[in-house]
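Below is one structure. I have some questions about it.
Nothing in this text is a laboratory measurement; each read-out follows from the coordinates by a stated rule. Since we're looking at a predicted model, the values are computed, not measured. Reconstructed Cβ throughout: ideal geometry from the backbone, glycine too, with neighbour counts over all protein chains shown.
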Amino acid sequence: MRIKYRRIVRNENNVIVSGTAFLVENFYKPNPQGNRKGNHSRQEVVERLGKVLWIDPEDQMKGIFNSPARGLVHYDLSRDCFTEVSPNDERLAGVRIKKEEICLHASFGSTYLFFSELCKTPLMSVLRQSFGENNRLYQKVLAHVAHDCLKINDSIKCGDFLKQDMLSGILADLSCNELNADYPYFQEMAADDLRTRFFKALVTEMRKKDPEFGQGCYADSLPLPDGSSDNPFNALSAQGTDGVQIPARLALVLDIRTNIPLWFEIIPANSLDERILQSVSSKVKEALDVTISRFALGAGYARKERSGVPSRDRPICPGGRICAEGALSGI
């Protein structure tokens with residue numbers, strides 16, 4: 001692949017004022033009649049990089065672009081890597097970036113009420129502890145949380161929602177356009193260390209009000225959609241959508257008294273045996289100092305050969321499903 005630049009224009013200060021770029025790939029196309037003179041190569045556009053804002057003077061295959069799909073990004077062809085760029089980046093000094101048109105009649109009341117109530121719960125403190133070290137990521141989390149909870153319908157994207165909301169004036173480090181196709185955000189949120197940090201902060205904050213929180217937990221699982229196109233957990237897959245086309249289950253660890261989730265795992269749908277249960281239990285114990293005492297085993301899974309637990313004398317978990325306890329309680 002290579003970056004194809006078109007109509008790059010610079011001013012007297014050598015700052016790029018116009019020009020676009022495409023990520024293209026060359027393909028060799030032989031003549032179907034076998035005539036070598038008819039053989040030729042063709043170019044195929046892999047992605048539109050958008051307006052060119054900066055090109056690395058030492059390496060033409062690196063640059064900053066205003067991508068229609070990704071927003072303000074830096075792309076390095078040698079690593080095939082996109083990274084986010086702040087509008088205040090020193091490399092963009094003197095570059096004119098089109099300002100986004102923010103709605104003058106922005107929504108205020110619903111957002112103010114939402115965050116006022118959120119601040120009364122431990123969740124706001126959990127979000128600060130989990131993402132506060134990265135201010136840009138923290139602002140993105142607030143934007144996506146507000147969008148998920150306050151959007152009128154599913155058709156409005158996060159960036160379009162933000163343009164109509166007073167949050168656009170508060171979350172100053174964000175570009176509304178980049179939130180409409182925020183692949184870097186979901187890729188970053190898939191990191192295991194962020195998941196551990198979030199749930200560790202959640203358990204800590206909940207135990208400040210309720211010391212018994214998480215002392216009794218059970219694990220439950222539910223099937224996820226088989227089709228990758230409508231699977232919401234694509235957003236959590238760092239391997240892309242291909243990794244979730246295999247039927248999977250979402251394993252949730254919940255506090256028995258409150259049913260508040262304090263851990264999750266995505267596991268293969270055709271495997272819920274003792275090894276999987278031990279793995280989930282050990283992760284939760286190591287990360288959160290939480291012991292799982294019960295497992296809610298769905299239809300087809302509550303079998304001796306799958307769980308290693310006799311079929312008799314199993315207690316009933318919340319919801320009326322058969323649970324595996326006894327031999328599994330010490331996992």
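Can you tally the net charge around residue 128? Count Lys and Arg as +1, Asp and Glu as -1, for every other residue whose Cβ sits under 13 Å from the Cβ of residue 128. Don't skip to the answer; put the middle values down first.
Details: positive: 197; negative: 133, 205.
Counting the neighbours of residue 128, the net charge comes to -1.
What does the convex hull of the alpha-carbon atoms of region 109-189 project to on average, in nm²?
Numbers: hull surface 20.8 nm².
Answer in nm², one decimal: 5.2.
When Lys and Arg each count +1 and Asp and Glu each count -1, what net charge do the other residues less than 13 Å away from residue 266, Cβ to Cβ, add up to?
Details: positive: 195, 249, 283; negative: 192, 265.
Net charge in that neighbourhood comes out at +1.
For an R0 of 22 angstrom, estimate the FRET efficiency from the Cβ-Cβ distance between residue 278 and residue 193 and round to the nearest 0.05. Walk me through the numbers on the way to the answer.
Numbers: r = 22 Å, r/R0 = 1.01.
The computed FRET efficiency comes out at 0.50.
Same structure again: Figure the gain on full extension for residue 135 and residue 13 (residue separation times 0.36 nm, minus the Cα-Cα span) and round it to one decimal in nm.
Numbers: separation 122, 0.36 × 122 = 43.92 nm, distance 3.26 nm.
Full extension from residue 135 to residue 13 adds 40.7 nm.
Quick check for you: which residues of region 180-212 have the amide N under 14 Å from the point 7 Å beyond the Cα of residue 266 toward its beta carbon?
Answer for this model: 186-192, 195.
Put a dot 7 Å past each Cα toward the Cβ at residue 181 and residue 26; how far apart are the dots in nm?
The answer from the label model is 2.6 nm.
For the cross-link pairs 62/200; 4/151; 120/140; 157/200, which exceed 27 Å when the distance is taken from alpha carbon to alpha carbon?
62/200; 4/151; 157/200
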